[in-house]
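Here, each number is a calculation from the coordinates, and none is a lab measurement. Just so it is clear, the structure is predicted and the values come from calculations on it, not from any experiment. Here the Cβ is made from the backbone with ideal geometry for all residues, glycine too, and neighbour counts use every protein chain on show.
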Amino acid sequence: MNASVPASAETLRSALGGLLDGLPPKQAASAVERLIANYRGRTPTDAPVLRDRSDVAAYAAYRMPATFEAVRSALDALAEAAPQWSPGSHVDVGGGTGAATWAVDATWDGPRGTTVLDWAEPALALGKELAASSGSQALRAAEWRRAVIGSGLVLPEADLVTVSYVLGELTPEARRAVVAEAARAGQAVVLIEPGTPEGYLRIREARDQLIAAGLKVAAPCPHDGTCPIEVGKDWCHFSARVSRSSLHRKVKGGSLPYEDEKFSYVAATRFPVEPVPSRITRKPQIRKGLVLLELCGPQGEGLTRATVTKRHGDLYKSARDADWGQEWPPATR
């Protein structure tokens, strides 16, 4: 990845180690519960969600690994659509403690100028601290800058602008303003929200706004046309596997060492891309001798279902190994 140690889930967990030392468990759990309400998009606000060091520590320990995996999945889809492209500059809007910045570092090689903008000073301070403890030159060199995320936001121009798990915290007016500014400033824009019906609707609205601003959809959609999903009956979202921390287990209970982070996203660019022909929109259903795939296909084709059987030979083997969110049929490049 970079000249030194690239970001990864493992290096992030290492950097997060010991973050909650000295913070009473009840205080951490209380902060997490309040943060979850904001993350679910039920409490739009015009004030920072992360208020103090305890909030930030709880957020980082609980949410950073999941945000990292979701953003990295979205960035992987962008990288697949633009295999010859890599960002030389990156602006992370509402980046908090920097999960998206870590995900960018895990996705592309090379030197990169990174600016993380957030309105919560404690989040920026902790993000800078975590980045300094990483082995990544790009992360250590990132600029952490306070900014009000809303209607008056002005972004520096950049190859890549990311806005992850932020739109749900904003009023509708501020949300539209932030998306418009991201579209103006970025050659590529990646927006990620929780994989809930509400999160999907925010992404759907932002997708329309990006297209109207002249950008082309790179992922997850195979086209720039109207989303074929009927609002209220379904929603487009994907899943990323996340190792569970001790704080996850304290707050949620359960014994599994992992959980699945559900997210919705859109990646759009001002440069040529190669969207997938179709994308798998649900976990493949494996039956005896066949695999059922739910697909979003080219414009005009919409949502379809493919049944792949043993008679399809190698394609059947590919279907058994296929995962939610991947392209179909598999790339031959």
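At a glance:
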{"read-out": "Dimensionless Rg over Rh [segment 183-311; C-alpha; Kirkwood]", "value": "1.03"}
{"read-out": "Three-way shape call for segment 122-273 based on the alpha-carbon gyration tensor, with the a/c threshold at 1.5", "value": "oblate"}
{"read-out": "³J(HN,Hα), Karplus 6.51/-1.76/1.60, whole Hz, each residue of segment 194-201, x for Gly, Pro", "value": "x, x, 9, x, 5, x, 4, 5"}
{"read-out": "Which listed pairs, of LYS216/LYS283; LYS128/LYS262; LYS288/LYS317; LYS216/LYS262, have C-alpha distances above 18 Å, in listed order", "value": "LYS216/LYS283; LYS128/LYS262; LYS216/LYS262"}
{"read-out": "Cβ-based charge dipole, segment 118-241, positive-most Cα from GLY199, SER164, ALA131", "value": "ALA131"}
{"read-out": "Distant-in-sequence amide H partners of GLY150 (H built 1.01 Å from N, under 5 Å)", "value": "none"}
{"read-out": "Potential lengthening between SER14 and ASP260 on full extension [0.36 nm per residue; Cα-Cα distance subtracted]", "value": "86.5 nm"}
{"read-out": "Packing rank of 168-174, 230-236, where each peptide gets the mean count of other beta carbons within 10 Å, highest leading", "value": "168-174, 230-236"}
{"read-out": "Amide H contacts under 5 Å for TRP144, placed H, 5+ residues apart", "value": "VAL116"}
{"read-out": "Karplus 3J(HN,Hα) series, Hz, for segment 291-306 with 6.51 cos²θ - 1.76 cosθ + 1.60 (x for Gly, Pro)", "value": "10, 9, 10, 8, 10, 10, x, x, 4, x, 8, x, 8, 9, 10, 10"}
{"read-out": "Placed amide H near ALA219: partners under 5 Å, 5+ positions off or other chain", "value": "ALA267"}
{"read-out": "Debye log10 I(q)/I(0) at q = 0.12, 0.24 Å⁻¹ for segment 62-164, Cα point scatterers", "value": "-0.35, -1.42"}
{"read-out": "Compactness index (Cα Rg / 2.2 N^0.38 Å), segment 184-233", "value": "1.14"}
